[in-house]
1. Surrounded by 15 or more Cβ atoms within 10 Å (Cβ to Cβ), part of a strand (DSSP E or B) and touching a residue at least 40 places away in the same chain (Cβ under 8 Å): which single residue out of Gly48, Gly110, Gly105 fits that description?
2. Please count how many residues of segment 93-102 are open to solvent by less than 40 Å² (accessible area, probe 1.4 Å) and closer than 18 Å to Thr63 by Cβ.
3. Checking Leu145 against (1) modelled with pLDDT under 95; (2) buried (at least 16 other Cβ atoms within 10 Å of the Cβ), which single condition isn't satisfied?
4. Which of (1) touching a strand residue (DSSP E or B) at 6+ places or on another chain (Cβ under 8 Å); (2) open to solvent by less than 50 Å² (accessible area, probe 1.4 Å); (3) under 28 Å from Asp161 (Cα atoms); (4) in a loop (DSSP other than H, G, I, E, B) does Ala121 not meet, given it meets every other one?
5. Looking at segment 124-137, which of the residues that are assigned to a loop (DSSP other than H, G, I, E, B) and either at pLDDT 95 or above or out of contact with any helix residue (DSSP H, G or I) (no Cβ under 8 Å at 6 or more places or on another chain) (or both) is farthest from Thr159 (Cα to Cα)?
6. Would you point out the residue of segment 57-92, among those that are among the hydroxyl-bearing types (Ser, Thr, Tyr) and closer than 19 Å to Ser170 by Cα, that is surrounded by the fewest Cβ atoms within 10 Å (Cβ to Cβ)?
7. Hey, can you tell me all the residues within segment 153-180 that are part of a helix (DSSP H, G or I), within 21 Å of Leu113 (Cβ to Cβ) and of a type outside the set (Gly, Ala, Ser)?
8. Which numbered condition trips up Gln42, out of (1) surrounded by 13 or more Cβ atoms within 10 Å (Cβ to Cβ); (2) assigned to a helix (DSSP H, G or I)?
Amino acid sequence: MRKLESSLINMVLVLTGVAIIMSIVLASVNHITSEPIALQQQKALADGIKAVMQADDICVSRTDTVQQTDDSGKPQLFLVYQNELGAAVESTTNGFGGKLRVLVGFNNQGKILGYTILEHAETPGLGAKVTEWFQSGQKSSIIGLSPAKPLTVSKDGGTIDAITASTITSRAFLLAVNNAYRAYKTMSIDEETAATPQTKDKKE
C-alpha cells in the first residue's frame with residue numbers, strides 16, 4: 001500500500017513539473033514570436049492602406065475609432081485611418097464562412113479609391129473571389145462609386161452583380177463597404193462641426 005501511495009505522489013509531482021516546464025516554454029515562444037507577428041501585421045496594414053488609397057507614398061495623420069450600430073442594432077467599431085487623400089476605413093461583417101474584414105479607401109469626395117480583404121473564411125473558388133470580383137477593371141467594379149446611396153446586388157434591386165453562386169458573400173462585402181462609408185462620413189461631419197465657429201444669435 002505504501003508503494004502505491006509513493007507511485008501516485010511521484011506521478012503527480014512529475015506531471016506538475018512537466019506542466020510548469022511546458023508553460024515556461026510556451027511563454028518564452030510567445031514572447032519571442034509576438035513582436036515579429038505584430039510587426040508583420042503593422043506592415044500588412046500599412047501596405048493595405050497604400051493599396052486602397054492608390055498611393056505608394058502616404059502618411060496616416062490620425063487613427064480614429066467610430067462606433068455605430070449595424071442593421072440589426074448591434075454596435076460595431078470601425079477604425080478610420082485619416083490621410084491627405086481621404087481615409088481608409090476598416091469594416092467587419094459576417095460572410096458565408098465567417099468573419100469578413102475589409103479595408104476600404106475613400107477620397108475626400110467620398111468615392112471609393114480601392115479595397116482589400118484583410119481577413120476572410122469564404123469558400124475557395126466561390127466566395128473567396130471577393131478579393132478580385134469588385135476591383136477596378138472587373139464587370140462588378142465598385143471603384144469610383146460613392147455609397148451615398150448604399151451599394152446592393154442586382155438580386156436586391158441594386159446595380160452590382162453578385163459573385164457567381166456567392167450572393168451571401170457579395171451582400172456581406174457590400175454591407176461592409178456601406179458601413180465603412182457611414183463611418184467615414186460620421187468622421188467628416190464631426191470634423192466640419194468642430195471646425196465651424198459656434199455663434200450665438202444676436203437680438204437687434
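1. None of the others qualify; the one that does is Gly105.
2. 1
3. (1)
4. (2)
5. Pro124
6. Ser72
7. Phe173, Leu174, Leu175, Val177, Asn178, Asn179
8. Result: Gln42 passes all but (1).
The values are calculated or read from the model by the stated rules, or taken from the named source; none is laboratory data. Since the model is a prediction, treat every value here as computed from it, not as a measurement. With ideal geometry, Cβ positions are generated from the backbone for all residues, glycine too; neighbour counts draw on all protein chains shown. SASA here: full protein model, heavy atoms, side chains in, ligands and nucleic acids out. Shrake-Rupley method; radii C 1.70, N 1.55, O 1.52, S 1.80 Å.
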